[in-house]
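Since the structure comes first, as structure tokens, the remarks are kept for the end.
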Amino acid sequence: MKQQWITLYYSIPIIISMLNCAQSFLPPLPGYMYNEIPYRYTRDSQENTETFDFIIVGSGSSGSVLANRLSEISNWKVLLLEAGNAANEMNKIPLFAPAFAATGYNWNYTTERQEGICEGLVNEVCPWPRGKALGGSTILNYMIYTRGNPEDYKRWSEQNEGWSYNEVLRYYKKSEECRLESATCSDGFHSSRGYLSVERPYSSVLTDAFIEAGIQMGSKQVDYNSIDFMGFSKMQANLKFGRRHSVADAFLLPVENRKNLKVLTAARVLKLLIDPTTKEAYGVEFIKRGKIFQVRAEKEVILSAGAFNSPQLLLLSGIGPTKHLQDIGIQPIVDLPVGQNMYDHLSYIGLAFKINQTIQPSVLTVQPAAILDYLFNGKGFLTSLGGTEALAYIKTSMSKEPRNYPDVELIFSGIGSLQSDYGVVSVPTLGIKREIYEKVYKPIENTPCWSILPMLLHPKSKGYLKLRSKNPFDSPLLYPNFFTDPEDQDLKTMIAAIRFIIDLSKTPAFQKFGTELHDIPLPGCEQHPFNSDSYWECCLRLIAVTLHHQIGTCKMGRREDPEAVVDNRCRVHGVKRLRVVDTSVIPVTLSAHTSAPAMMMGERVSDMIKEDHNMLEF
């Protein structure tokens, strides 16, 4: 009966989302009454194609910011194209975050099968969800707001002028509406004048124990979005009045009445229009409601479709490795290493620590008072970020960095591990094999637990993507190549992080709750002594998963860099009037979740574009 109730609970947002995905046939949701362009022609029509100054492909973290900032110039005509539809009100409830990966708001990508990784997942492939909606992945993510640290941006700027920490900090502050405690908002690293709200989500006494345990281990409590970032902290999140504050809510909704900004949803771009002789981008071709249209750009085409779809569109348009394009029947225009430099943040989701007292409510015990607290005060358990409450930046014993620089992020969950929702949502969305859940996590479904996910910040292993075919509706081939670095540094770092977490669990702060590591071994790893290095290696190869922070597939760098696709102003090498502005261009691994850096990039490049067109003074 309990599982039936929780299935119903999590089904509510899924059902509403499925209905919302039919929005192309229904009136738009209130608050997103964008003035759609009255396209009445097909690709074969003799009518003139409509022209804009800028065409932006993708409404995610960078694209929505670009649409807002470029349309500030009143005589610039801006078109924003989004393949998905607007999200719904259920999507705003932070606790429901895990459920939305199971809806039509997800592109539903999966990796290709590779030996030694994802072996405990269905079909031995990793799900790699990406947002397909107005707001991109900010309607799927856990709303965690992290920027990275000065060393990250020092490395970024070493080969790319204009991206140092001091240069990007002003753009983080430009976006932010800080709604944290006043001391944090006024510390010089935050601002209260921007569009993007940053608040504290729900946290329990276990979060206090997590921070206290870190201090007992020799660390300290910090504001990880300041220059003093190494340590433990409660979460900062993109919430407003306790609701998800997606990039669409933050940057598009306030300017929906601008007459020079057109937002077209359910419009999937098929390819870029590029003159093969002049190597100049002049528009895009897209499909909506079964009809193919073309639009032209007088000034620039800007790809902000994300780390998978931006390189996919470049490749489909003839920009990429010549041999790969020829092999699938696409005429090459410019030879660039598109898709060849993919890094990702890997995490381990299998740790569970049992405690001897019930601290947290569950989805089955949310009381009417908690619902009222959420509705009228924007507070309480429903503002929990899918169960995550706090994080820490640490340097493990395996780090080779000479500086005070983290190699692992710890993400604390106070509601437990995979058992917290009885396997109804987390197990299928993460792709965990049912037999693993039944053997290891089902026995502790009614046991209070907490968990920590270690996230590898600076992997040495590098993946790549390719086209499956020249059909734009075929998903790209995604090869993560986890744990393939020749010195096994990634694997050793993750094992060291697990050992750090186990030591953390033994501190007085956690022992006052009777904390005990759940020790039923994962099926397939029983041959290794529990808690040995070989056991944890086996576990990592079974159920280590991505946290969806892919970068680098259109890497930023100088023209002579053999891995570079765009320059330091995000202009595609060898192609005029074409930029890529999203996480695909980030050239170095960041100590951050990638949503906030992508929004910063939208702000930074908007000014670059205005400067390039002599309009920055506006």
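Specify which of the listed residues (LEU372, LEU382, LEU410) is outside any loop (DSSP other than H, G, I, E, B), without any contact (Cβ under 8 Å) to a residue 24 or more places away in the chain and not aromatic (Phe, Trp, Tyr). I'd like the intermediate steps shown before the answer.
Details: LEU382 fails: without any contact (Cβ under 8 Å) to a residue 24 or more places away in the chain; LEU410 fails: without any contact (Cβ under 8 Å) to a residue 24 or more places away in the chain.
Exactly one of LEU372, LEU382, LEU410 is outside any loop (DSSP other than H, G, I, E, B), without any contact (Cβ under 8 Å) to a residue 24 or more places away in the chain and not aromatic (Phe, Trp, Tyr), namely LEU372.
Against the definition (in the same structural domain as GLY63 (by TED's automatic domain parsing) and either in contact with a helix residue (DSSP H, G or I) (Cβ under 6 Å, 6 or more places away or on another chain) or surrounded by 17 or more Cβ atoms within 10 Å (Cβ to Cβ) (or both)), how does PHE353 come out, yes or no? First the steps, then the outcome.
Values: in the same structural domain as GLY63 (by TED's automatic domain parsing): no; either in contact with a helix residue (DSSP H, G or I) (Cβ under 6 Å, 6 or more places away or on another chain) or surrounded by 17 or more Cβ atoms within 10 Å (Cβ to Cβ) (or both): yes.
No: the conditions fail for PHE353.
Pick from LEU616, LEU540, LEU590, LEU547: which is more than 20 Å from the chain's Cα centre (by Cα), among the hydrophobic types (A, V, I, L, M, F, W, C) and closer than 28 Å to ARG403 by Cβ?
Numbers: LEU616 fails: closer than 28 Å to ARG403 by Cβ; LEU590 fails: more than 20 Å from the chain's Cα centre (by Cα); LEU547 fails: more than 20 Å from the chain's Cα centre (by Cα).
LEU540 is the lone residue from the list that is more than 20 Å from the chain's Cα centre (by Cα), among the hydrophobic types (A, V, I, L, M, F, W, C) and closer than 28 Å to ARG403 by Cβ.
Out of all the residues in region 554-564, is one or more at pLDDT 95 or above, closer than 18 Å to TYR165 by Cα, in a strand (DSSP E or B) and not assigned by TED's automatic domain parsing to the domain that holds TRP128? Break it down into steps so the answer makes sense when it comes.
At the first step, the residues of region 554-564 found to be at pLDDT 95 or above are 554-564.
If we keep only those that are closer than 18 Å to TYR165 by Cα as well, we get 556-557.
Restricting the remaining residues to those that are in a strand (DSSP E or B) gives 556.
From what is left, the residues that are not assigned by TED's automatic domain parsing to the domain that holds TRP128 are 556.
Looking for residues that are at pLDDT 95 or above, closer than 18 Å to TYR165 by Cα, in a strand (DSSP E or B) and not assigned by TED's automatic domain parsing to the domain that holds TRP128, one finds at least one in region 554-564, hence yes.
Can you tell me which condition GLY524 does not meet? The list is (1) part of a loop (DSSP other than H, G, I, E, B); (2) touching a helix residue (DSSP H, G or I) at 6+ places or on another chain (Cβ under 7 Å); (3) at negative phi, and all the others hold.
GLY524 satisfies every listed condition except (3).
Six or more apart or on different chains, Cβ atoms under 6 Å: show the pairs whose first residue is in region 248-264 and farther than 17 Å from VAL295 by Cβ and whose second is modelled with pLDDT of 95 or more and part of a helix (DSSP H, G or I).
Taking only residues 6 or more apart or on different chains, the pairs are ALA248/SER64; PHE251/SER64; PHE251/VAL65; PHE251/ASN68; LEU252/SER64; VAL255/ASN68.
Which one of these is touching a residue at least 60 places away in the same chain (Cβ under 8 Å), under 30 Å from ASN614 (Cβ atoms) and crowded, with 24+ Cβ neighbours inside 10 Å: ALA86, ALA67?
On the way: ALA86 fails: under 30 Å from ASN614 (Cβ atoms).
Selected residue: ALA67, the only one of ALA86, ALA67 that is touching a residue at least 60 places away in the same chain (Cβ under 8 Å), under 30 Å from ASN614 (Cβ atoms) and crowded, with 24+ Cβ neighbours inside 10 Å.
If you take the residues of region 360-377 that are modelled with pLDDT of 80 or more and hydrophobic (A, V, I, L, M, F, W, C), which of them is nearest to SER451 (Cα to Cα)?
Checking each candidate, the answer is ALA370.
I want to confirm something. Restricting to region 142-167 and keeping residues that are touching a residue at least 60 places away in the same chain (Cβ under 8 Å) and of a type in the set (Gly, Ala, Ser), which single residue is surrounded by the fewest Cβ atoms within 10 Å (Cβ to Cβ)?
GLY162
Would you check if there is a residue in region 273-287 being basic (Lys, Arg), at negative phi and surrounded by fewer than 24 Cβ atoms within 10 Å (Cβ to Cβ)?
First, the residues of region 273-287 that are basic (Lys, Arg): 279.
Filter again for at negative phi, leaving none.
No, region 273-287 contains no residue that is basic (Lys, Arg), at negative phi and surrounded by fewer than 24 Cβ atoms within 10 Å (Cβ to Cβ).
In region 405-464, which residues are among the acidic types (Asp, Glu) and within 22 Å of ALA592 (Cβ to Cβ)? Reasoning before the result, please.
First pass over region 405-464, keeping only residues among the acidic types (Asp, Glu): 407, 409, 421, 435, 438, 445.
Passing the criteria: ASP407, GLU409.
Within region 580-589, is there a residue that is under 20 Å from GLY339 (Cβ atoms), part of a loop (DSSP other than H, G, I, E, B) and polar (S, T, N, Q)? Working first, answer last.
We begin by selecting, within region 580-589, every residue under 20 Å from GLY339 (Cβ atoms); these are 580-589.
So of that shortlist, the ones also part of a loop (DSSP other than H, G, I, E, B) come out as 581-582, 586-589.
Subset that is polar (S, T, N, Q): 589.
Yes; the residues of region 580-589 include at least one that is under 20 Å from GLY339 (Cβ atoms), part of a loop (DSSP other than H, G, I, E, B) and polar (S, T, N, Q).
Please tell me if GLY218 is surrounded by fewer than 22 Cβ atoms within 10 Å (Cβ to Cβ), in the same structural domain as PRO480 (by TED's automatic domain parsing) and not in a helix (DSSP H, G or I).
Values: surrounded by fewer than 22 Cβ atoms within 10 Å (Cβ to Cβ): yes; in the same structural domain as PRO480 (by TED's automatic domain parsing): yes; not in a helix (DSSP H, G or I): yes.
Here the answer is yes, as GLY218 does meet what is asked.
Select from region 168-207 the residues that are of a type outside the set (Lys, Arg), free of Cβ contacts under 8 Å to residues at least 24 places away in the same chain and part of a helix (DSSP H, G or I) and write down the one among them that is nearest to ALA592 (Cα to Cα).
Applying the filter and picking the extreme gives LEU169.
Counting only residues that are of a type in the set (Ser, Thr, Tyr) and part of a helix (DSSP H, G or I), which one in region 590-618 is surrounded by the most Cβ atoms within 10 Å (Cβ to Cβ)?
Within region 590-618, the first condition is being of a type in the set (Ser, Thr, Tyr), and the residues that meet it are 591, 594-595, 606.
The next check asks that each one be part of a helix (DSSP H, G or I); those that pass are 595, 606.
Working: SER595: 27, SER606: 25.
The qualifying residue surrounded by the most Cβ atoms within 10 Å (Cβ to Cβ) is SER595.
Kindly list the number of the only condition in (1) modelled with pLDDT of 95 or more; (2) surrounded by fewer than 19 Cβ atoms within 10 Å (Cβ to Cβ); (3) touching a His at 6+ places or on another chain (Cβ under 9 Å); (4) not polar (S, T, N, Q) that fails for GLU401.
Unmet for GLU401, out of (1) modelled with pLDDT of 95 or more; (2) surrounded by fewer than 19 Cβ atoms within 10 Å (Cβ to Cβ); (3) touching a His at 6+ places or on another chain (Cβ under 9 Å); (4) not polar (S, T, N, Q): (1).
What are the residue pairs meeting all of these: first residue in region 278-303, first residue of a type in the set (A, V, I, L, M), second residue buried (at least 17 other Cβ atoms within 10 Å of the Cβ) and at pLDDT below 95, Cβ atoms under 7 Å, and 6 or more apart or on different chains?
Short answer, once both residue conditions are applied: VAL295/GLU50.
Filter region 379-406 down to the residues that are under 30 Å from GLU89 (Cα atoms) and in contact with a strand residue (DSSP E or B) (Cβ under 7 Å, 6 or more places away or on another chain) and list them by number.
Residues of region 379-406 under 30 Å from GLU89 (Cα atoms): 379-391.
Within region 379-406, THR383, LEU385, GLY387, THR388, GLU389, ALA390, LEU391 qualify.
The values are calculated or read from the model by the stated rules, or taken from the named source; none is laboratory data. Predicted model only: the values in this text are computed from it and were never measured. Every residue, glycine as well, gets a Cβ built from its backbone with ideal geometry; the counts of neighbours run over all protein chains shown.
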